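Student: Can you read through this structure? Questions will come right after.
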């Protein structure tokens, strides 16, 4: 309710979003006006941004159409605008010179169309990469074409993002399974192992590294046995068993989601299958209602949540991004995982935070500094170019590969939310969140950022003309 009040305080003009909602519901203006209890002429004024949305109409929209009021604040459009800005920053569109206002209008008219444009651009980039690989192969190189895999991953990421990283059917089934098989047990791994053996006649064995080598989990159908590597810690073992239960018990529900998504290639469907099974596994270990309640009461203390539910730091962070159940939503978190070379292996955007779809992140963001002090949680308030403020935490996580002398796989995870939610987090205690003087100014990435005063800029902005002067050297090597 407080969220809705804040939206109305800003005199919310959301004509394009209301019009799009009406068209998605296949309603005439008269039918929608009747459902909202207003006149057709008044709805017409709202859709043309000649009247703001009142608190009463906003409540009616939420109640009648079961929408998240944050959607009317333009989060979806902000994401779409960022995508379009990134696409049209490509040098091949230099002659087009679309302004930010024009990109905003395009995104407001149809975020779905913006997604389609981004997908076409991704296909173009993939085609370029494939041509380069083919040329290298024809020239005698040994490159391997992994283009299809990359496209499948991007398509599934887009689909999950479009669903707000929330799948009601899987969450409900996971809660039921947790109540039936896990609740009341101190150790989830033992409870899940018993479920597999009694319900599916499948045994679990912990196998040495000499047998498993680089494999963490292997299901042997002939022997009806799941082999888990001894390298997995207890949260990892529990997660792998919950994942296997998804395949035994939830494949029909998962297939229904995939069919409804419209995914066509078998490669993409396989990636989606794995992603949704992972989603179910996390939901079994951290059932929605209990997890959300515990998180809110304990101010989203990630370490405590991990101890309470027997899960890892990364598992908790990822689960926190999925709490988007209508009527029982958690904080809309964003999340990213990078390696020490800056490669992004996981990302989820919520609350309007802008990730680059193509390329890395801003070097000023503290996710990259996390590697300096492994295991320590750092905090940061950041401000994007458009003035939007966010609160962020970052920490490294590692995965043991084997014994002594073999380096661990180490990643940095950053997650956060809009500054207005930060007071609910234990990590923001004692911080002056109202004052933006301590904010770190960041951008999407160097290629798209237009900040001139950044001494960490790695590449010039593609949106501005580069200025070169042989006799002047500024903090940044690139001036424009």
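Student: How many nm separate the modelled label positions at residue 158 and residue 186, each set 7 Å beyond the Cα in the direction of the Cβ?
Tutor: 5.0 nm
Student: Under Stokes-Einstein, with the Kirkwood radius over Cα pairs standing in for Rh, what whole-number D in µm²/s applies to segment 168-325 at 25 °C and 0.890 mPa s?
Tutor: For the chosen part, D equals 151 µm²/s.
Student: One-quarter of the Cα convex hull surface for segment 244-385, in nm²?
Tutor: 10.7 nm²
Student: In terms of the Cα gyration tensor, with a ≥ b ≥ c the square roots of its eigenvalues, is segment 182-247 rounded because a/c is under 1.5, prolate because a/b exceeds b/c, or oblate?
Tutor: oblate
Student: Starting from the alpha-carbon convex hull of segment 331-441, give the projected area averaged over all orientations, in nm².
Tutor: It is 7.7 nm².
Student: While we're on this one: Note down the nm distance, to one decimal, between modelled labels 7 Å out along Cα→Cβ at residue 376 and at residue 432.
Tutor: Calculated label separation equals 2.4 nm.
No value in this document is a laboratory result; all are computed from the given coordinates. Since we're looking at a predicted model, the values are computed, not measured. Here Cβ is always computed from backbone atoms with ideal geometry, including for glycine, and neighbour counts include all displayed protein chains.
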